[in-house]
């Protein structure tokens, strides 16, 4: 019989989920820096209408914005992939932990949360086909976890 209060168990599980994902987020920000707009477009453009300089400045502004957008898309994709891999590792590891249900549940839920965070961060950059793929993978993962973790033991 488990004598530990349910509230304590769930508090620890929720704490693990939050702290693990904060750890991932801060670690990623230290290792992989988000693109900064001012790095790609360092000057403030002030346009004077109808001069040759204005056309060149506008073209330069368009080019730097496109370069920044490309860097931002690449960054978001790389963070997405990293968080999905880390989430998958957590879910995988959680299935090998047999002696501690709190840690196993915490790691499993942290992995699912990592998938959710990755998807929300990348959603606006992804195509509709990728949206469907992300949702399909999430659904399959949740079903797999539910089947694996909550088997009917009365059979």
Whether any residue in segment 97-107 is within 18 Å of the chain's Cα centre (by Cα) and within 29 Å of residue 69 (Cα to Cα) is what I want to check.
no
Kindly indicate whether residue 111 is over 14 Å from residue 25 (Cβ atoms), modelled with pLDDT of 90 or more and either more than 11 Å from the chain's Cα centre (by Cα) or not in a loop (DSSP other than H, G, I, E, B) (or both).
yes
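Condition check ((1) touching a strand residue (DSSP E or B) at 6+ places or on another chain (Cβ under 9 Å); (2) at pLDDT below 90; (3) part of a helix (DSSP H, G or I)) across all residues:
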| residue | (1), (2), (3) |
| --- | --- |
| 15 | no, no, yes |
| 20 | no, no, yes |
| 29 | no, no, yes |
| 35 | no, no, no |
| 39 | no, yes, yes |
| 46 | no, yes, no |
| 53 | no, yes, yes |
| 57 | no, yes, yes |
| 61 | no, yes, yes |
Given 24, 68, which one is under 19 Å from residue 122 (Cβ atoms) and either assigned to a loop (DSSP other than H, G, I, E, B) or at pLDDT below 95 (or both)?
68
Pick from 151, 98: which is in contact with a helix residue (DSSP H, G or I) (Cβ under 8 Å, 6 or more places away or on another chain), without any contact (Cβ under 8 Å) to a residue 60 or more places away in the chain, exposed (fewer than 14 other Cβ atoms within 10 Å of the Cβ) and not in a helix (DSSP H, G or I)?
98
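The values are calculated or read from the model by the stated rules, or taken from the named source; none is laboratory data. Everything quoted here is computed from the prediction, not taken from an experiment. Cβ atoms come from the backbone with ideal geometry, glycine included; neighbour counts cover every protein chain shown.
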